Each structure stands twice: as structure tokens, then as C-alpha cells.
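First up is the structure itself, then whatever we jot down about it.
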Amino acid sequence: MEERQIDIEALVQDDLNFNKGCAEGEKMIDYSLEHFGCGRSVVLDKNNRIIAGNKTAASAIKAGIKKVRVVEVTGDKLVAVKRTDVDLDTKQGREFALADNITANVNFNIDMEKVKEAMERVEMHPEIWNVEVPQSNTDGPDRFGGDKNTTVQVESFKFGVYDIVLSKAESEELQRRAKAYGKEHGKMDGFINTLLDEYYERRDQ
């Protein structure tokens with residue numbers, strides 16, 4: 001494997017990054033880099049465009065990291081980043097592992113508009129990855145308030161085995177309520193049950 005070093009500013013962010021991220025996730029990545037340094041690598045294409053790790057690269061620049069060690073491969077070898085200063089079974093090692101998993105989960109916020117734009121550029125099938133791209137609503141009126149020939153922006157996400165489709169306004173309201181619930185109760189346990197109770201109450205009216 002050929003290895004070289006380049007300036008971090010030479011990395012090119014993906015203009016169709018499918019992950020919008022979120023403020024909380026960004027803070028977590030910033031905190032992790034500040035306290036543990038770099039761990040997980042980013043993935044580049046042959047033109048130094050970032051395939052995976054756009055958010056990490058952006059936070060690394062904020063953390064003052066200047067250089068990138070680039071290992072050039074063709075996909076037939078697994079590249080491992082070995083932290084010689086970290087022992088997994090220590091406080092630092094275990095918190096590092098937890099931070100890696102949690103930040104990836106919290107900061108994932110799929111951008112359906114970017115997915116649809118990518119589908120216009122190249123032939124791709126997001127359904128293989130359990131990503132259902134919602135179509136614009138032109139059959140109204142319905143619960144989104146759409147009239148015929150009116151396009152309503154909608155978002156889709158997975159809840160267990162169900163595909164949930166919400167209007168943008170409904171999605172923003174759901175996020176607002178979830179944040180308020182977590183702040184009030186100090187945890188998210190019970191939030192879904194609250195939504196389900198409301199649903200059944202409306203259905204039975």
C-alpha cells in the first residue's frame with residue numbers, strides 16, 4: 001500500500017453528502033476529537049473527494065489538524081488505523097469506543113433532497129439500503145394540505161418495519177417535541193409510547 005501525506009485543506013467535501021448531520025452530533029464529534037484525537041479514518045475517491053467522513057473532516061479542521069496520511073488502496077484490503085497510545089480496556093479506550101458509536105448514530109440525518117439529486121446524476125438504487133425516497137404529493141387534498149398540482153415536500157424515515165412519511169413541517173414539529181420531552185424527562189424512554197397513545201386516542205374519537 002502506498003502512503004503519502006497531504007494538507008487537510010486538499011480534501012474536497014461531497015457536494016451531495018447524504019448526511020445533513022445535526023447540531024448535537026457536530027458538538028459530539030468536536031468533543032471527541034478534542035479529547036481522544038483522531039480514530040476512524042475518512043474515505044476518499046481518486047480525486048480526494050470525501051466519500052465517507054465529511055463531518056469528521058470538517059471537525060478535524062476546526063480542531064486544528066493540518067495533515068492527512070493517505071493510504072492508497074483499491075478496495076481489496078482492509079485499512080486499520082492503529083492508535084499505539086490507546087489501550088481498549090482503559091477508561092480512555094472504552095470512552096473512545098463509546099464516542100465512536102454514539103456520534104455516528106446521533107449525527108446521522110439523511111438528506112432526501114441530496115439522494116434524489118444524486119439519482120438524477122447517476123443510476124442508483126437507495127432501496128437496497130432500506131432508503132425509501134418519497135415522491136412529491138400531487139394527488140391532494142390529503143393530510144399534508146396539498147391541492148392538486150401542488151408539490152408538498154415530504155421526508156421519510158424507518159421506524160422498525162414501518163416506513164413513516166411526514167411533511168417537512170410535521171418532521172420539524174416531531175423533532176421539536178422529542179427535544180422538549182428529553183429535556184423535561186432527562187431521557188427519551190417513553191416518547192414513542194406518548195405518540196402512540198395520541199394516535200390511538202385520535203383514531204378512537
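The values are calculated or read from the model by the stated rules, or taken from the named source; none is laboratory data. From a predicted model like this one, the values you see are computed outputs, not experimental measurements. As a convention, Cβ positions derive from the backbone with ideal geometry for all residues, glycine included, and neighbour counts pool all protein chains shown.
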The strands (runs of 3 or more DSSP E) lying entirely within region 1-100 that contain at least 3 residues which are of a type in the set (A, V, I, L, M) and touching a residue at least 60 places away in the same chain (Cβ under 8 Å) are 67-72
When Arg94 is run through (1) modelled with pLDDT under 90; (2) under 20 Å from Glu34 (Cα atoms), the failure sits at (1)
Please work out which one of (1) outside the structural domain of Gln13 (by TED's automatic domain parsing); (2) modelled with pLDDT of 90 or more is the condition Glu123 fails and give its number. (2)
